[in-house]
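Q: Could you have a look at this structure, given as C-alpha cells, before my questions?
Since every read-out is calculated from the coordinates, none of them should be taken as a lab result. Worth saying up front: this structure is predicted, and the values here are computed from it rather than measured. Because the Cβ atoms are built from the backbone with ideal geometry, glycine has one as well, and the counts that use them run over all protein chains shown.
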C-alpha cells in the first residue's frame with residue numbers, strides 16, 4: 001500500500017482535518033487541534049506532504065519519526081506537532097480500516113463499554129449566575145463534574161477575573177451535589193494562584209487547572225505544595241519528555257494528555273504507557289475523532305477513574321454533521337464505539353464542500 005494524496009481541509013474555517021488517500025482505495029481521515037488551522041494546513045501540505053507521498057501507511061511508527069525529525073529544525077511543538085497529529089490519526093485510520101477492527105482492539109482488551117464525561121464550559125463572557133444555571137442544567141442531565149473558565153489568561157491577575165464569584169454562585173445553586181473544576185489557563189501569578197487557591201479550598205473545589213503559565217514549572221510546584229486541592233496540568237505537553245519534565249519540575253497531582261496535541265496516537269500511546277497508574281484526566285475539547293480516540297484508550301484502562309472532558313459549547317460539526325453517524329451520549333456517559341477504526345463514518349464529499357480556502 002502506498003500514500004498517493006495528502007490534503008488538509010479546514011472545515012467551516014475552524015476545524016483542520018487531514019485526508020490521506022492510498023493506491024488501494026483506503027482513505028484515512030485524521031483530526032488536528034483546532035487552533036491556528038491555517039498554519040496546520042500549511043504545515044501538512046508544504047512541509048509534510050512530500051515526505052508522505054509513496055510511503056507505506058502501515059509503517060506508522062517510521063512515518064511519525066520522519067515527520068517529527070523534519071519538524072525539529074523549526075521546532076516540532078505547537079502547530080507543527082498538531083499537524084502531525086492530523087496525519088498520524090489519518091494513518092491509524094487507514095491501518096484500522098485495512099484490518100477491519102476498532103481502535104480499542106489494537107490497544108488491548110475493552111473492559112468498559114461507556115465512559116463518564118464532564119461538562120466543560122468555555123464561556124468567559126457570562127455572569128456567575130448564568131454559569132451556575134448552566135452547571136445546574138448539566139447536573140440535571142446526569143453530569144456530576146463541571147469545569148469553568150472564567151479567568152483571562154491574556155491578562156495575568158486580571159481585575160476582571162470572576163472565578164471566585166462564579167464558584168460561589170455554583171455552590172449556592174447546587175450545594176455540593178456537583179464537583180467543580182476551575183481552569184484559569186495560566187492566568188495567575190504564583191502569589192495570586194495561591195491566594196485564589198486557598199479560597200477554592202474553602203469551596204471544596206475538586207481541581208485547580210493550569211494555575212500559572214505552562215512554562216513556569218517551578219511556580220506550578222510551589223502552588224501544588226501550597227494547596228490541598230488537586231492541581232492539574234499537561235494539556236500543553238506534547239511528548240513523553242515533556243511529561244517527564246512536568247512531573248519532575250512541576251509535580252501536579254493530575255496529568256492531562258491530549259492525543260491531537262501529542263502528534264497523534266503514536267506518541268499518545270507512549271505517553272499513556274509512561275504515565276502508568278498516575279492520576280490522569282484526559283484533555284479533550286473536540287467532539288469527533290479526538291473524543292473517539294480518547295474513549296477507545298479509556299475503554300481498555302480500568303485504573304483511570306476520572307471522567308473525560310467534553311466541550312459543551314455549540315459546535316458546527318455537531319449541529320451540521322460531517323459524519324453519517326454520531327457518538328452516543330447517555331446521562332453523562334459516552335458509549336464506546338465498536339465499529340471499525342474510531343467508530344465514525346465521515347462524509348468526505350460534505351467535508352470538501354465545507355472546506356474554506358484563503
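Q: Quick one: go through the stretch 224-248 and flag any residue whose amide nitrogen is under 19 Å from the point 7 Å out along the Cα-to-Cβ line of residue 144.
A: Those under the cut-off are 230.
Q: Using alpha carbons only, how many angstrom separate the centre of the stretch 190-255 from the centre of the stretch 98-114?
A: 33 Å
Q: Using per-residue counts of other Cβ atoms within 10 Å, averaged over each peptide, order 24-35, 300-311 from highest down.
A: In decreasing order of mean packing, 24-35, 300-311 become 24-35, 300-311.
Q: Over the chain, what is the percentage of antiparallel beta bridges among all DSSP beta bridges, to the nearest 5?
A: DSSP beta bridges in the chain are roughly 50 percent antiparallel.
Q: Which angle from 0 to 90°, rounded to the nearest 10, does the C-alpha axis of helix 265-275 make with the longest principal axis of the chain?
A: Taking Cα atoms only, the helix is inclined about 40 degrees.
Q: Another question about this same structure. In nm, to one decimal, how far is the residue 1 label point from the residue 61 one, both placed 7 Å along Cα→Cβ?
A: Simple spin-label model gives 1.7 nm for this pair.
Q: Another question, then. Given a Förster distance of 51 Å, report the FRET efficiency between residue 199 and residue 54 from their Cβ-Cβ distance, rounded to the nearest 0.05.
A: E between residue 199 and residue 54, to the nearest 0.05, is 0.30.
Q: Also, quick follow-up: What shape does the stretch 272-338 have by the C-alpha gyration tensor, where a ≥ b ≥ c are the square roots of the eigenvalues, rounded means a/c under 1.5, and otherwise prolate means a/b greater than b/c and oblate the rest?
A: prolate
Q: Further question on the same structure: By the gyration tensor of its Cα atoms, with a ≥ b ≥ c the square roots of the eigenvalues, what is the shape of the chain: rounded for a/c under 1.5, prolate for a/b over b/c, or oblate?
A: It is prolate, given that a/c is not under 1.5 and a/b is the larger ratio.
Q: Can you sort 118, 17, 77 by how many other beta carbons sit within 10 Å, fewest first?
A: Starting with the residue having the fewest Cβ neighbours, the order is 77, 118, 17.
Q: Residue separation times 0.36 nm, minus the C-alpha to C-alpha distance between residue 350 and residue 241: what's the value?
A: 35.4 nm
Q: What is the order of 281, 122, 1, fewest Cβ neighbours within 10 Å to most?
A: Fewest-to-most ranking of 281, 122, 1: 122, 1, 281.
Q: Is the stretch 38-188 best put as rounded, prolate or oblate by its Cα gyration tensor, with a ≥ b ≥ c the root eigenvalues, rounded for a/c under 1.5, and otherwise prolate when a/b is larger than b/c, oblate when not?
A: It comes out oblate by the Cα gyration axes.
Q: Okay, next question. Specify the angular offset, from 0 to 90 degrees and rounded to the nearest 10, of the alpha carbon long axis of helix 60-72 from the longest principal axis of the alpha carbons in the chain.
A: Tilt relative to the chain: about 70 degrees.
Q: Going by how many other beta carbons lie within 10 Å of each one, how would you line up 58, 227, fewest first?
A: Final ranking by Cβ density, sparse to dense: 58, 227.
Q: Can you tell me the 0 to 90 degree angle between the C-alpha axis of helix 79-99 and the longest principal axis of the chain, rounded to 10?
A: The two axes meet at around 60 degrees.
Q: In the stretch 300-326, whose amide N lies under 18 Å from the spot 7 Å out along Cα-to-Cβ of residue 130? List them in ranges.
A: Within reach of a label on residue 130: 312-315.
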